[in-house]
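In what follows, a single structure is set out as structure tokens and then discussed.
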Amino acid sequence: MVHEALIKGWECLRLWMEANREFRTWQERLRASMRQWEATGKDEGALLRGVPLFEAQKWQQKRSDELTKEEQNFIWASVVLRDREKQERERLQ
């Protein structure tokens with residue numbers, strides 16, 4: 001009985017570690033993008049777009065408490081740019 005509980009506990013730990021590894025891997029990519037943005041003087045061209053922005057919003061929704069203020073601001077700036085560009089496209093139609 002204890003053995004079975006231990007096995008189930010290890011499986012839960014393994015699943016948690018796998019999910020955490022996925023988040024941490026993504027977070028390192030985000031940080032690399034953020035450093036690039038900062039190195040370019042916060043040029044809009046270095047902000048997140050498309051799938052990377054979608055992933056960032058997904059992780060921000062799920063684990064915002066594990067993102068730094070700077071990471072949150074980088075995602076926010078990317079969202080603002082996306083929304084502004086969308087409004088501009090709609091205005092031109």
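Only the coordinates and a few stated rules stand behind these numbers; no lab work does. Given the structure is predicted, the values throughout are model-derived calculations rather than measurements. Here Cβ is always computed from backbone atoms with ideal geometry, including for glycine, and neighbour counts include all displayed protein chains.
General remarks:
- Members of the range 30-53 found to be assigned to a helix (DSSP H, G or I), in contact (Cβ under 8 Å) with a residue 12 or more places away in the chain and over 11 Å from ALA77 (Cβ atoms), listed by number: LEU30, ARG31, SER33, PRO52
- Every residue from the range 20-60 that is surrounded by 12 or more Cβ atoms within 10 Å (Cβ to Cβ), more than 14 Å from GLU71 (Cβ to Cβ) and aliphatic (A, V, I, L, M): ALA46
- Within the range 72-85, not a single residue is among the hydroxyl-bearing types (Ser, Thr, Tyr) and either touching a residue at least 60 places away in the same chain (Cβ under 8 Å) or not in a helix (DSSP H, G or I) (or both).
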